[in-house]
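Visitor: Quick one: the structure is below, and I'll ask about it shortly.
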Amino acid sequence: MRFIKGFAAFWYDFIVGDSWELAVGILGLLIALKLFDSALPSVADPTLYILMPIAVVAVLGVSLARAER
Amino acid sequence: MACIVEMVEALTIILAVGITRGYRSALIGGATGAVALGAIIVVFGQTLTERVDLDVLRVLIGTLLLIFGLQWLRKAILRAAGWKSLHDEEGIYRDNVKQLSAESPASAGLMDWLGFTVSFKGVFLEGLEVAFIVLTFGTSIQAVQLGTISFTGVEGASLAALAALVLVAIVGGAVHKPLALVPENQLKFVVGIMLTAFGTFWAGEGIGVEWPGLDLAILALLVIYSVAAWVALIAMKRVPQMAVAH
């Protein structure tokens, strides 16, 4: 039981850490980009490689802005 | 060349984790990843490409690395900007040292699971990509002639991968000491950027992003995230200065 609790705590700390908005933001952006790619492949294919790093930077920015407050 | 690129990526992660979390866990994690990969290759052999969905693995490992890299980068920016006090960390460090001192001698050599996990995943995914490259190239070539010795396609590709492994291991052994001289928070800053870049690349490949220049796109991602982190750091440093000015 102690091992399971420790294992779960490790993964929670690994994924969520002290900034839950990073984990939620990254999962959200990946799902959104995948849906965009599935719905509009002709538009998504040439733009995804630009959109993805911009979205990652935006998620980091939101997390830093929340830390400022 | 393709194998060298993949192995350099795995080596970069091991070096980054080794410097920041300790080489013991990083090397054990990397070795365990290699053994797990070897077992999978032995069990599945040439049907590997049919049984393992590399895209699913890329999304899974890429997402974890991306989140983990961003967490480190965020902490490093907050510390460098003076928003996160280093005193708390020092307090935690003192508590940990006290706790470890109270433990039995065997506990002092406890595994750092964080370092182990990141190294394991890096080596496992990159190694899997090397296996895919060897099998794909190997099965597409009839035979390889090396001097007077003739090899099958898979044997030739395996030998090339082995030569790449030896070369990358030698380079890794040579550069790990100079890297250890860099201050800790600056190192975490750089490692955070690196893990974020690798995570973005892998997760992106998994969801269908077509990176221009293939693996070279990682270098572009490193530049983009370095600039973004630098801008964020400058912006955050200005806020307390303005508060003091008013």
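Visitor: Which pairs turn up if I take residues in segment B:223-246 that are farther than 17 Å from B:Val191 by Cβ and look for partners that are modelled with pLDDT of 75 or more and in a helix (DSSP H, G or I) with beta carbon separation below 6 Å, at least 6 apart in sequence or on another chain?
Guide: Partner pairs satisfying both residue conditions: none exist.
Visitor: If you don't mind, there's one more thing I want to ask. Using the structure shown, decide if A:Val59 is more than 9 Å from chain B (Cβ to nearest Cβ) and either closer than 18 Å to B:Thr63 by Cα or part of a helix (DSSP H, G or I) (or both).
Guide: Working: more than 9 Å from chain B (Cβ to nearest Cβ): no; either closer than 18 Å to B:Thr63 by Cα or part of a helix (DSSP H, G or I) (or both): yes.
No: the conditions fail for A:Val59.
Visitor: Please state which of the following conditions A:Gly17 fails to meet, knowing it meets all the rest: (1) surrounded by 13 or more Cβ atoms within 10 Å (Cβ to Cβ); (2) assigned to a helix (DSSP H, G or I); (3) under 16 Å from the mean Cα position of the chain (by Cα).
Guide: Looking at each condition in turn, A:Gly17 falls short on (2).
Visitor: Looking at (1) outside any helix (DSSP H, G or I); (2) modelled with pLDDT of 80 or more; (3) surrounded by 12 or more Cβ atoms within 10 Å (Cβ to Cβ), which one does A:Pro46 not meet, given that it meets all the others?
Guide: Unmet for A:Pro46, out of (1) outside any helix (DSSP H, G or I); (2) modelled with pLDDT of 80 or more; (3) surrounded by 12 or more Cβ atoms within 10 Å (Cβ to Cβ): (3).
The values are calculated or read from the model by the stated rules, or taken from the named source; none is laboratory data. None of these values were measured; they are calculated from a predicted model. Please note: Cβ atoms are built from the backbone with ideal geometry, for glycine as well, and neighbour counts cover all protein chains shown.
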